[in-house]
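Please read the structure below before turning to the comments.
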Amino acid sequence: MNLIILAAPGAGKGTQAEALSKHFGIPTISTGAILRKNIADGTALGEIAAKYINDGKFIPDDVMIDVVKDRLSAEDCKNGFILDGFPRTLAQAEALDASDVDIDAVLTLEVEDETIIERLSGRLECKACGSSYHKQHKQPKKQGICDNCGGELTTRADDKPEIIKERLETYYKQTAPLKTFYAEKNMLRTAVGQDAVADTTKAVLAALED
Ligand code: ATP
Ligand code: MG
């Protein structure tokens, strides 16, 4: 299955992508994670990404399209993949559409803005493996330490309140219109985000069966 998850920042794309990745045995391609890793490693791509990401802005389309095409051509994507964070603009969606990659479904997660802001403001992320936690709702067993890998938990630079607002605005302006793009192709599947992660996963699997 070749799947896209298209939803607002903080809607739970990464969390559901992880669940689906286990369920279907296919890799998740998170463009945000790829960019953050490149920033941490100080690569040329990381240098470009850092100029945009911490202001809540998008990285230029041509850069992102190359990154994703390259990643999707890897051997581990042959039996399917989950795209988390791409496409985010019409130009990216059109480039994917014109490529030889076939997408089976586009999943969207519906979550209220207030919930998104509350989630992102309390989010903690592992510096090493990228696992997500929340200061109130999903605390790690040991404070400040990742349950998965023992890495250090930090607040992402773009999870500051003023940047969160910027990211939401960018999402509504540039990414939300893609729902119409895919709905017109009859590819859009909608799941309503629930309070509990496992309940959202159930809703997601039900939406994908339709
Ligand atoms: P969440 O992690 O909660 O899903 P998010 O969707 O805002 O939130 P990421 O997907 O991790 O976060 O992306 C973080 C940032 O990386 C974006 O705000 C943007 O600056 C950049 N980015 C990621 N994917 C793309 C893309 N396809 N096109 C342009 N910029 C991107
Ligand atoms: Mg994410």
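Over the stretch 103-183, with the other protein chains present, what is the accessible area per residue in square angstrom, probe 1.4 angstrom?
So the stretch 103-183 comes to 57 Å² accessible per residue, rounded to a whole number.
Find how much the distance from E166 to Y52 grows on full extension, using 0.36 nm per residue of separation minus their present alpha carbon separation; answer in nm with one decimal.
The E166-Y52 span can extend by a further 39.9 nm.
What does the C-alpha gyration tensor say about the overall shape of the stretch 8-95? Classify as rounded when a/c is under 1.5, otherwise prolate if a/b is larger than b/c, or oblate.
The shape class here is prolate.
Given an 8 Å cut-off on Cα distances and at least 6 residues of separation, report the relative contact order of the chain as a percent.
The normalised contact order for the chain reaches 29 percent.
Along Cα→Cβ, 7 Å out, is where each label goes; now give me the distance between the ones at H134 and N2 in nm to one decimal.
3.4 nm
Shape verdict for the chain, please, from the Cα gyration tensor: rounded (a/c under 1.5), prolate (a/b greater than b/c) or oblate.
rounded
With all protein chains present, calculate the accessible area of I117 using a 1.4 Å probe and round the result to the nearest 10 Å².
Roughly 80 Å² of I117 is accessible to a 1.4 Å probe.
What figure in square angstrom, to the nearest 10, would you give for the accessible area of K138 with a 1.4 Å probe?
About 100 Å², ignoring ligands and nucleic acids.
Enter the Cα centre distance for the pair the stretch 137-210 and the stretch 26-98, rounded to the nearest angstrom.
That distance is 16 Å.
List, in the order given, every pair from K37/K165; K22/K202; K13/K179 whose Cα-Cα distance in the structure shown is over 18 Å.
With Cα atoms farther than 18 Å apart: K37/K165.
Taking a ≥ b ≥ c as the square roots of the eigenvalues of the Cα gyration tensor of the stretch 86-187, is the shape rounded (a/c under 1.5), prolate (a/b larger than b/c) or oblate?
It is prolate, given that a/c is not under 1.5 and a/b is the larger ratio.
Could you state how much accessible area L90 has, in square angstrom rounded to the nearest 10, with a 1.4 Å probe and all protein chains kept in place?
In the full protein context, L90 sits at about 80 Å².
Top to bottom by accessible area (1.4 Å), largest first, where do K173, K185 land?
K173, K185
The values are calculated or read from the model by the stated rules, or taken from the named source; none is laboratory data. Keep in mind it's a predicted model, so treat the numbers as computed, not measured. Here the Cβ is made from the backbone with ideal geometry for all residues, glycine too, and neighbour counts use every protein chain on show. Areas reflect the complete protein model, heavy atoms only, side chains present, ligands, DNA and RNA absent. Shrake-Rupley method; radii C 1.70, N 1.55, O 1.52, S 1.80 Å.
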